[in-house]
Amino acid sequence: MQLLTNKLSVSLMLAMSLLAGAAQAGTPQEIPAKPALSGTTLNGKPFVLDTSKHDVVLVTFWATWCPTCRAEMPTFRKFYESHRSKGFDLVTVSIDDNMSDVDDYSKLSNWMTKANQQFPSLWRNASDYKDNFGKVWATPTAYLIGRDGKVIETFKGAIKPAQWARIRKAIATTSAAPAAVHHS
């Protein structure tokens with residue numbers, strides 16, 4: 001009986017790791033020619049991504065259950081604060097199934113308080129939310145949108161130092177009018 005239990009446990013763990021790998025790999029998604037995103041921010045403000053302002057925008061899809069996502073949020077916030085005056089914007093989109101998960105997380109997280117939240121953050125499952133980024137298969141997934149309004153690069157998983165350097169380079173490439181995002 002013990003041998004059967006051990007074999008079942010090993011088989012179950014193997015199946016779970018294969019499924020987890022498949023979920024991370026996903027299918028290749030198409031990158032939108034002109035990224036579009038709109039909805040209501042977690043602070044209740046209408047939001048429309050405006051790529052015509054010629055700013056560099058990082059749109060990141062994350063979830064409260066993702067440890068990498070939670071660990072990266074303070075870095076995203078600090079990067080946004082130090083680069084927004086140079087023509088950089090950040091938009092975060094939670095892919096959590098339930099808004100209550102986002103609400104619970106925001107109560108525990110200092111960066112999501114209204115006083116500290118200066119970049120737009122949305123919930124992808126809200127009734128008024130729309131985007132053309134397709135299925136997000138891995139979290140975090142981020143899209144770097146250049147000043148021309150096109151996606152320059154996609155990041156899956158934690159953004160590494162060399163990738164942050166490429167984001168800085170995209171911001172430094174040309175300065176433009178601030179505010180690539182439109183808050184109505």
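Coordinate-derived values only; no laboratory data. Given the structure is predicted, the values throughout are model-derived calculations rather than measurements. A quick note on method: Cβ atoms are made from the backbone with ideal geometry, for glycine too, and the neighbour counts reach across all protein chains shown.
Structure values in brief
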{"quantity": "Modelled label reach - Glu153, point 7 Å along Cα→Cβ, segment 48-75 residues with backbone N closer than 17 Å", "calculated": "56-61"}
{"quantity": "Gain in span if fully extended, Ala71 to Val48, counting 0.36 nm per residue against the direct Cα distance", "calculated": "5.6 nm"}
{"quantity": "Extension gain (nm, one decimal) between Trp164 and Ala33, 0.36 nm per residue minus Cα-Cα", "calculated": "44.9 nm"}
